[in-house]
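What follows is a short report on a single structure.
The values are calculated or read from the model by the stated rules, or taken from the named source; none is laboratory data. Bear in mind that the values here come from a model prediction, so they are computed numbers and not experimental data. Cβ placement follows ideal geometry from the backbone for every residue including glycine, while neighbour counts extend to all protein chains displayed. Side chains are part of the model used for accessible areas, which takes the heavy atoms of the whole protein and leaves out ligands, DNA and RNA. Shrake-Rupley method; radii C 1.70, N 1.55, O 1.52, S 1.80 Å.
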Amino acid sequence: FGLPPPLYATLPVILGSDGRKKLSKRDGAKDLLEYKAEGYLPDAFINFLAFLGWNPGNNTEIFSREELVKVFDIERVQKSGAQMSAEKLDWINKEHLKLLPKEEVEKNILEWLPEPLRRSSGKFPEARLRGILGIIFERISKWSDVKDMALAGELDFFFKQPEYEREKLIFKNSTQEKISENLKIIIKALENIDENNFTTLNIKDTLMLIANMEGNRGEVLHPVRYALSGRDKSPDPFIIASILGKNETISRLQKAI
């Protein structure tokens, strides 16, 4: 065709997580479309691939495609193998998720929720739903994490009152009587917060005041967390309470007495 021949370059081999052998299915290698199905962003994946054997010469790690085109220099491609890291990919993807408009984030989270939870979300006030979506976003690295969290039951307590064994409300060597007494004090204190001011900060100030007076924070904060979520691991009880709202929070605490 009378065209100058293209220049070819060999990129470094991608190594498995052990940093020694070539990446293979045995090491967790996946088809590109699998990553797409898991909810990784295209720009994030390109960003990740670019850093397998190349670096810009500074500490910057997050680039859009356009930025990569501008800064890429083939002279900075290393000859030795590049180690695959799923953790690094998740981190890069999370950083790209943070760059998305809030509306796009909320839309995608709702789309990745299983159908029963998606239907339930339509019954909530907008402020409560936004709070739930915000908590979910803090805990994901890719869109499929939303579905995984839901299937593991980690989101159930936002949508319905949790079921749990009452013994799990008790903190360490405390007694059921002591926990019930503390919950009554907590309910009375929370009732004094105006519904329009039922914020994370006001709830935290109220609960921490009681906790410090009691001298054992665990006997105050643990039963509140468990009564609201029914889970050992969850967001802070102050955050959960502010999202659930005053009425729902008090209802769940009363059920725990």
Accessible area of the chain belonging to carbon and sulfur atoms, whole % at 1.4 Å probe: 52 percent
Shape of segment 84-189, Cα gyration tensor, a/c cut at 1.5: prolate
Nonlocal amide H pairs with L15, under 5 Å, H built at 1.01 Å: L23, A82, Q83, M84
Most mobile of L100, L41, L244 in a GNM of the chain (Cα contacts under 10 Å): L100
In sequence order, calculated HN-Hα J values of segment 167-182 (Karplus, 6.51, -1.76, 1.60; Hz; x Gly/Pro): 4, 6, 6, 6, 8, 6, 8, 6, 10, 4, 5, 5, 5, 5, 4, 5
Dipole magnitude of the chain about its Cα centre (Cβ charges: Lys, Arg +1; Asp, Glu -1), debye to nearest 20: 440 debye
Long pairs among K123/K255; K107/K147; K172/K255, criterion Cα-Cα beyond 19 Å: K123/K255; K172/K255
Lys/Arg +1, Asp/Glu -1 at C-beta; the chain dipole; positive extreme among P101, A152, F124: A152
Table column - 3J(HN,Hα) (Hz), segment 192-206, Karplus curve with 6.51, -1.76, 1.60, x for Gly and Pro: 7, 7, 4, 4, 6, 10, 7, 9, 4, 5, 5, 5, 4, 4, 5
GNM flexibility winner over the chain from L151, L169, L97 (Cα, springs under 10 Å): L151
Among A82, A44, A29, residue whose mean-square fluctuation peaks in a GNM of the chain (springs only between Cα atoms under 10 Å): A29
Accessible surface, the chain, averaged per residue in Å² (probe 1.4 Å): 61 Å²
Global geometry of segment 56-118, whether rounded, prolate or oblate, following the gyration tensor of its Cα atoms and the 1.5 cut on a/c: prolate
